[in-house]
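The block underneath contains the structure these notes are about, expressed in structure tokens.
The values are calculated or read from the model by the stated rules, or taken from the named source; none is laboratory data. All of these numbers come straight from a predicted model, not from anything done at the bench. FYI the Cβ positions are ideal-geometry reconstructions off the backbone, even for glycines, and counts take in every protein chain you see.
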Amino acid sequence: MATGDSTSIQLFIITPYPYVLWTLVKLIEGAQPAMQAVGSGTSFEEALERTEYLTPDLFVLDANIGREKCVGSISQLKTNSRAKILVLTDLRDESLHGDAVLAGANGVVRTELPAQTILKAINKVHEGELWLDRAMTSLVVKQMVGERMGEETESDRAKIASLTERERELVALATNHVSATGKVLARMLDISEYTVRNHLTSIYDKLNVPGRLALCAYANQHGLTPSCQISQKSSPSGDRHDHLH
């Protein structure tokens, strides 16, 4: 493993399979100097021990460590590290995607996807975006709505009332075009991307939601917008994935 270069994305790989580790390391080596594999572990416990002296930017977590172990590991990694988490899975268990995101994962990518797609997912997650299979986005939103049902508090009405007219407009737009980037939302509203980011930060703070998917769930639960519409068009690059800010 590389010792680490502060200018590259520092990756720590958690997988129980040597062949998966070898494949990922080779893939990452081909992407140098943009990213480096600085450590690995065959279990979550081993990863925790090694991250005491390593500070990766991103964990690549193989869901084959076990479904429950994977979801539980995400929560603990988030508690013990500021690194982002990308779950790598060949499992067809659709609920895993939602559970992983709800636990704090920043993305889920399938192992059968092309190498360039996996590298793109790493980059996008590192940049602060959420990476999900497009079809899974809708399922995760529905799952998050279900998780929030019955959790409404007396403060929700005050939170919603604190939104400005412009923020309400952005809530409706952002949650009905959940796969749209900040740049696309800015174009729709005829404002700058910087202004969109500022508005979204304010909205997340006022409503106490962590991001776009949670915002969509909150908006649906409280009637702030009609049901989210997930665009089925491919991105210009042809990738059918959602990159959410």
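Note on segment 177-221: enclosed helices (runs of 4 or more DSSP H) holding 2 or more residues that are touching a helix residue (DSSP H, G or I) at 6+ places or on another chain (Cβ under 9 Å) and surrounded by fewer than 16 Cβ atoms within 10 Å (Cβ to Cβ) are 182-189, 193-207. Residue-level analysis places Val60 among those that are in contact (Cβ under 8 Å) with a residue 60 or more places away in the chain and more than 16 Å from Gly98 (Cα to Cα).
Among residues of segment 29-53 that are assigned by TED's automatic domain parsing to the domain that holds Lys120, those with a Cβ under 7 angstrom from a residue that is of a type in the set (Asp, Glu) and part of a loop (DSSP other than H, G, I, E, B), sequence gap 6+ or separate chain, pair up as Pro33/Asp5; Gln36/Asp5. For the residues Ser75, Ser95, Ser81, the requirement of being in contact (Cβ under 8 Å) with a residue 12 or more places away in the chain, polar (S, T, N, Q) and surrounded by 17 or more Cβ atoms within 10 Å (Cβ to Cβ) singles out Ser81. Looking across segment 188-245 at every residue that is over 17 Å from the mean Cα position of the chain (by Cα), over 18 Å from Ala158 (Cβ atoms) and of a type in the set (Asp, Glu), the one that is modelled with the highest pLDDT is identified as Asp190.
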